[in-house]
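To start, the structure under review is shown below, and the notes come after it.
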Amino acid sequence: MVMKTRIAIIGAGIIGVMIARFLVEKGVNDIVLIEKNYPGSGGSFRCATGIRASFTSPEHVEMMKRSIELWPILSEKHGFTYRRDGYIWLLSEEEHVEMFKKIVEFHHRYAVPTKIITPEEIKEMVPTINTENLLAGVYDPLAGKADCFRALLNTLEYVKNKGAKVLTRTKAEKIIIKDSRAQAVETNKGVIEAEKIIVAAGYGSKKILKNSGVDIPLENLPKHALITEAYKPLFKPLLIDWSTASYIIQVLHGGFLIGANMKEKPDTIPVNRIEYLYLAVKIWSKYFKWLPYTRILRYWTGYYVMTPDHHPVIGPHSRIENLYIATGFSGHGFMMAPSVGEIMSQYILGEKLSVPIAKNLKLERFEKGKYVKEIAIFG
Amino acid sequence: MIDFSRGRKVKFYYNDKVIEAYEGESVLAALYAIGYRVFSYSPDGERPRGAFCMIGKCSSCLSMVNGVPNTRICIEPVREGLRVYSQKGFPEVPKVEEVVEAETIVLKPDVLVIGGGPAGLQASLTLAEYGLKVVLVDEHFKLGGQLVKQTHRFFGAKKFYGGIRGFNIASKLSREVMDNENIEVFLRAYAYGIFKNGYVGVAVRGEKPLNLLVRPKAIVAGVGASEKMIMFENNDLPGVMGAGGAQTLMNEYGIKPGERALVIGAGNVGLIIAYQLLQAGVKVHGIAEIMPKIGGWFVHAAKVRRYGVKIYTRHTITKAIGRDRVEKAEIAMVDEHFQPIPGSEKVFDTDLVLLAVGLQPNYAFFSQAGAVMKYIPELGGLVPLRTKYLETSVENLYVAGDASGIEEATTAFIEGEIAALSIAIKLGAGNNKTIKKREELLDYLWNEYRKSPVVMRACQGKLKATVSEEEMEKIRRGELDGI
Ligand SMILES: Cc1cc2nc3c(=O)[nH]c(=O)nc-3n(C[C@H](O)[C@H](O)[C@H](O)COP(=O)(O)OP(=O)(O)OC[C@H]3O[C@@H](n4cnc5c(N)ncnc54)[C@H](O)[C@@H]3O)c2cc1C
Ligand SMILES: Cc1cc2nc3c(=O)[nH]c(=O)nc-3n(C[C@H](O)[C@H](O)[C@H](O)COP(=O)(O)OP(=O)(O)OC[C@H]3O[C@@H](n4cnc5c(N)ncnc54)[C@H](O)[C@@H]3O)c2cc1C
Ligand code: FES
């Protein structure tokens, strides 16, 4: 099979789908999405659905702020739920409170409206929480969540209706490059010739690029998550227990999703560990004494696709023409997907970037040793 | 007829009303006995839901028990002073005054048996005979599985309890298991998954909740099956019930499930349930069967026909009618594509629609364990591939009974025993006689019992699910994707 298209996007996760969405919105419909499994089967359907701009580098903050402008527009247009329900960091140690005071100052410089709140204020927003050991919280009212399933599937339906094609169960092996120009994608089902090729295949991007002679420093970091049965809405914000870097969120359909840190080696295949259930329940039953009486419905594993500076790779390749990359979201790719989709469409169509600082996120930064700097590692 | 010896009287509260019940009953049975029919509502809180499966498999009886929501009251035993509330839609988070911390216990038996139905009971007893230490867990508050509601005498060889009534076999085997010092039994104990390093997590509910971490050398999962549902308007209306659910009410608890019934499906289960309903004094309007021919045995069909029960072949149910319980039900004739023919509808005044449309093996435990599964229609759905010794592609995980594909109780006993003998041989507890015994059983199962034309279909299914040991090795190495 030889197929021809104007744009080939490898990977139908939320990133690939959003790139396609912003392209069709500008009248580019000749698009093929190449997906080795089924849409959403990578990180996108395993995520905790959290969205925030309260980061500690200008690059992250600006990209996420743009995303937060786009999320309500997308939710309205494609009919999925997005809500500004907030985030709260729960702080139980003095030094953390001091550190967060600096972070809040940084946020304010970038017009991100976080603030330090008292345990009483936390209790008001989070009924039933035990605040005994808490000194303070940090509240981000701009943060929120969206339905990760409908966000991807509805948007995909939209781009398909506009003429984009999706090839599922089709694995991209390499990109055929001639005279420093990307020309086609070789897949297990044949070759797809394209004018522009976008690699948005999560960790799979590493192998595709390597087979094409391009190195990208990605690591796959195993993560665990569980969700309980659904309950009536209890609290809106996503909560982060800062001393264990673990979070709990009541997702939009009502289940409580918990993510907690397990020690895992990068690039290993995650397995179900019973210790994870113990760890997650132990951390959060200190705050919610009802938690041990709920039923865990599902437990799954997934990956954070990490880069050395924990910032994504977004943009064109510096030496290979017509090759574009969007991966390495280091655990934040869902929230960033709308602005990434927009920026990528701007790169592809030669338009001005709506988030100028995004230019710092190209792959070449690693070759030049220009890592993105953060004021603190956080979240 | 059967005698019901009732337990001691106890009182509990339902929506703050005092309810009298008998020890040994489930909360749902006690409520059903005095006329309750609605036990929960759909997530949006709009549609009432009634009892459907009665064995903890369908979620339509989720209620709040002592502050804990989403409790399945069909497998919750009545106790003095229990406080039960109905739920409307999604519940609020549990209200707990005082946290009773679940103790964690690590157990390292030779074998973990999951499920105390005929397959699990027989497996446990055989393993214990070889001196192996067994932990047996079952989600229900009593042993016996589906056997406790079989009132008829079993066919077949005496060795496999021919001539004895199902529930009598269940109580005999349960007693033997309870008295056996090589077998430790945990009830209300749900095996939820298998984890790294071979630990199986088991959650034990009750006054003293436990977290069992069981690390056995081998596992027999005889986790049984669930009743199938079919699509029609209002199929969630209280009064639409699985045949097994009605059997549980009548045969386990001596409760009449309704006044007038329509049975859907004329396989053996449908025919038997119709007969049992008649015996319990329920009027049976008829049996609708979508196929042109009756699926069950002639003797069973003849029996219900003698009572004047009409069997409508080429008919299916098209809707249940009623506000918060079934008041009427409509059936219609179907064309060659199984589509209802307009104008052929018949409506019955009925308060029960009993679905006897088949069972589906419980596959979750095997899928989670990573066993290679196969969809086999003849066996009711997804089942793990296995060798003839019943070992799955997950080494030392064995399957037996309905979970390995729907047949009936006799084969569940036999498979339980074959799995147990294979484990005994593997763990070095057996001898040449054990091997011989296993070969004889296999011979009986495949060359005699399953040769009967009435079990042809299931037999063909089991053949499809069984691979040779060499093939299984290849499947384990990932060289073969399954057959
Ligand atoms: C437990 C967990 C919680 C998370 N929580 C959050 C959160 O709260 N907020 C947030 O923003 N992010 C969160 N994330 C991260 C987020 O899920 C990811 O960053 C995001 O989904 C990345 O999207 P993607 O499209 O780049 O990748 P994916 O969704 O992984 O999509 C890549 C796709 O490419 C396909 N593919 C791979 N190789 C090939 C190939 N060779 N050929 C064809 N197709 C290929 C894959 O099958 C996959 O479908 C979380 C992640 C995990 C695991
Ligand atoms: C309506 C109906 C009518 C039937 N009529 C007849 C008949 O007339 N004659 C006949 O021979 N057979 C009949 N059968 C079939 C027969 O009862 C079954 O084939 C037999 O009981 C299967 O035995 P089993 O041990 O495989 O499973 P079951 O008897 O179903 O036992 C499985 C047990 O496993 C437990 N369990 C499941 N999952 C877990 C878990 N994760 N953790 C802990 N415990 C778990 C369950 O609580 C249950 O007690 C009928 C079945 C039904 C449903
Ligand atoms: S779960 Fe209780 S009736 Fe089905």
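The values are calculated or read from the model by the stated rules, or taken from the named source; none is laboratory data. Predicted model only: the values in this text are computed from it and were never measured. Cβ coordinates were reconstructed from backbone atoms using ideal geometry, including for glycine residues, and neighbour counts include every protein chain displayed. Calculation scope for accessible area: heavy atoms of the full protein, side chains included, ligands and nucleic acids excluded. Shrake-Rupley method; radii C 1.70, N 1.55, O 1.52, S 1.80 Å.
Filter region B:427-443 down to the residues that are in contact (Cβ under 8 Å) with a residue 40 or more places away in the chain and either open to solvent by less than 60 Å² (accessible area, probe 1.4 Å) or assigned to a helix (DSSP H, G or I) (or both) and list them by number. Correct list: B:A429, B:G430, B:T434, B:R438, B:L442. Residues of region B:200-222 that are facing another protein chain (nearest Cβ under 9 Å) and outside any strand (DSSP E or B): B:P209 alone. Can B:P94 be described as touching a residue at least 12 places away in the same chain (Cβ under 8 Å), more than 16 Å from ligand 3 (Cβ to nearest atom), part of a loop (DSSP other than H, G, I, E, B) and closer than 30 Å to B:A429 by Cα? So B:P94 does not fit the description; no. Is it fair to say B:H152 is touching a helix residue (DSSP H, G or I) at 6+ places or on another chain (Cβ under 6 Å) and within 25 Å of B:A51 (Cβ to Cβ)? Answer is no for this residue. Taking the criterion of being modelled with pLDDT of 95 or more and away from ligand 3 (no atom under 14 Å from the Cβ), the residues of region B:65-91 that qualify are B:V78, B:R79, B:E80, B:G81, B:L82, B:R83, B:Y85. Look at region B:181-199: where a residue is away from chain A (no Cβ under 14 Å) and a partner is among the hydroxyl-bearing types (S, T, Y), sitting 6+ places away or on another chain with Cβ atoms under 7 Å, you get B:I183/B:S124. Here is a check on your reading of the model: is B:S42 more than 16 Å from B:L249 (Cβ to Cβ), under 24 Å from the mean Cα position of the chain (by Cα), within 14 Å of another protein chain (Cβ to nearest Cβ) and in contact (Cβ under 8 Å) with a residue 60 or more places away in the chain? Yes, satisfied.
In this structure, is A:N211 within 13 Å of ligand 1 (Cβ to nearest atom) and either touching a helix residue (DSSP H, G or I) at 6+ places or on another chain (Cβ under 9 Å) or within 25 Å of B:V106 (Cα to Cα) (or both)? No.
Restricting region A:106-140 to residues that are under 25 Å from the mean Cα position of the chain (by Cα) and open to solvent by 10 Å² or more (accessible area, probe 1.4 Å), which is farthest from the other protein chains (Cβ to nearest Cβ)? Quick ask: steps written out before the conclusion?
Here is the first cut: in region A:106-140, the ones under 25 Å from the mean Cα position of the chain (by Cα) are A:106-115, A:137-140.
Going one step further and asking which of them are open to solvent by 10 Å² or more (accessible area, probe 1.4 Å), we end up with A:108-111, A:113, A:115, A:139.
Working: A:H108: 35, A:R109: 39, A:Y110: 36, A:A111: 36, A:P113: 29, A:K115: 27, A:Y139: 22 Å.
Within region A:106-140, the match that is farthest from the other protein chains (Cβ to nearest Cβ) is A:R109.
Against the numbered list (1) touching a Lys or Arg at 6+ places or on another chain (Cβ under 9 Å); (2) assigned to a loop (DSSP other than H, G, I, E, B); (3) more than 8 Å from ligand 2 (Cβ to nearest atom), B:V148 comes up short only at (2). For first residues located in region A:25-42 and under 18 Å from A:K162 (Cβ atoms) and assigned to a strand (DSSP E or B), partners that are open to solvent by 50 Å² or more (accessible area, probe 1.4 Å) and within 16 Å of ligand 2 (Cβ to nearest atom) and lie 6+ apart or on another chain with Cβ distances below 9 Å do not occur. Of all the listed residues (A:I216, A:I227, A:I240, A:I249), the sole one being more than 27 Å from A:I274 (Cα to Cα), in contact (Cβ under 8 Å) with a residue 24 or more places away in the chain and among the hydrophobic types (A, V, I, L, M, F, W, C) is A:I216. Taking region A:207-312 as the region of interest, the strands (runs of 3 or more DSSP E) fully inside it that hold 3 or more residues being within 14 Å of chain B (Cβ to nearest Cβ) and over 30 Å from A:E59 (Cβ atoms) are A:219-230, A:296-306. Would you confirm whether or not region B:138-157 contains a residue that is under 19 Å from B:P361 (Cβ atoms) and within 14 Å of chain A (Cβ to nearest Cβ)? For region B:138-157, residues under 19 Å from B:P361 (Cβ atoms) and within 14 Å of chain A (Cβ to nearest Cβ): present. The single residue among B:L143, B:L107, B:L125, B:L136 that is open to solvent by less than 10 Å² (accessible area, probe 1.4 Å) and more than 16 Å from ligand 3 (Cβ to nearest atom) turns out to be B:L136. Limited to region B:25-36, what total is found for residues that are touching a residue at least 40 places away in the same chain (Cβ under 8 Å) and either surrounded by fewer than 18 Cβ atoms within 10 Å (Cβ to Cβ) or not in a loop (DSSP other than H, G, I, E, B) (or both)? Of the residues in that region, 8 qualify. The residue that is farthest from ligand 2 (Cβ to nearest atom), counting only those in region B:192-225 that are buried (at least 22 other Cβ atoms within 10 Å of the Cβ) and not aliphatic (A, V, I, L, M), is B:P216.
Restricting attention to region B:80-104, the residues being within 13 Å of chain A (Cβ to nearest Cβ) and touching a Leu at 6+ places or on another chain (Cβ under 9 Å) number 8.
Checked against the criterion of being more than 16 Å from ligand 2 (Cβ to nearest atom), of a type in the set (A, V, I, L, M, F, W, C) and either out of contact with any Phe, Trp or Tyr (no Cβ under 8 Å at 6 or more places or on another chain) or touching a residue at least 40 places away in the same chain (Cβ under 8 Å) (or both), the candidates B:M231, B:M241, B:M250 yield just one match: B:M231.
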